[in-house]
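The block underneath contains the structure these notes are about, expressed in structure tokens.
Bear in mind that the values in this text are calculations on the coordinates, not laboratory data. The structure presented is a predicted model; accordingly, all values stated were derived computationally and were not measured. Neighbour counts are summed over all protein chains in view; Cβ atoms, including those assigned to glycine, are modelled from backbone coordinates with ideal geometry.
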Amino acid sequence: MTYATWKERNDKGVVDIVNLVLGAVLFLAPWLFGFADQMAPAWNAWGTGVVIVALAVAAIFAFAVWEEWANLLVGLWAVVSPWVLGFAGNAQAMWSHVAIGLVVALLSAGMGWYAHRNPPRATA
């Protein structure tokens, strides 16, 4: 990997770090926003947060476009899960999932689109 390729990937890695932080916040959301005692939203936040963090870590250390698309799907799941799992009536749980899910989905879609439009160059 040349310095230019490393620098280009490092600049894009900021999005993965943001996704990592957002996944951690979603994981902590049941305690931060007071819904840890409710099974569906709490377990969904913990599981979805762990998956977002794991995909972000994988993208930081060994970037692959599929990780961005997977994080897009997980972010979209976070957005729709309050209605699918029936906790949309809990404002704190719903909004933490929707807000974090939207940001993760948008960032991941942007990175996936960018990587698709600008594939890494093979250099010797």
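Of note:
- Here the 3J(HN,Hα) profile of region 70-75, calculated from phi with Karplus coefficients 6.51, -1.76 and 1.60 at θ = phi - 60°, is 5, 5, 4, 5, 5, x Hz, Gly and Pro shown as x.
- Exposure proxy ranking for 60, 100, based on other Cβ atoms within 10 angstrom of each Cβ and starting from the fewest, stands as 60, 100.
- Cα gyration tensor shape of region 29-87, rounded if a/c is under 1.5, else prolate or oblate by comparing a/b with b/c: oblate
- Cα gyration tensor, region 3-117 - rounded (a/c under 1.5), prolate or oblate: prolate
- Pairwise FRET efficiency - residue 106 versus residue 36, Cβ, R0 = 35 Å, nearest 0.05: 0.80
- Inter-label distance for residue 58 and residue 83, nm, one decimal - labels placed 7 Å from Cα along Cα-to-Cβ: 2.8 nm
- Ordering 32, 22 from the fewest to the most neighbouring beta carbons within 10 Å gives 32, 22.
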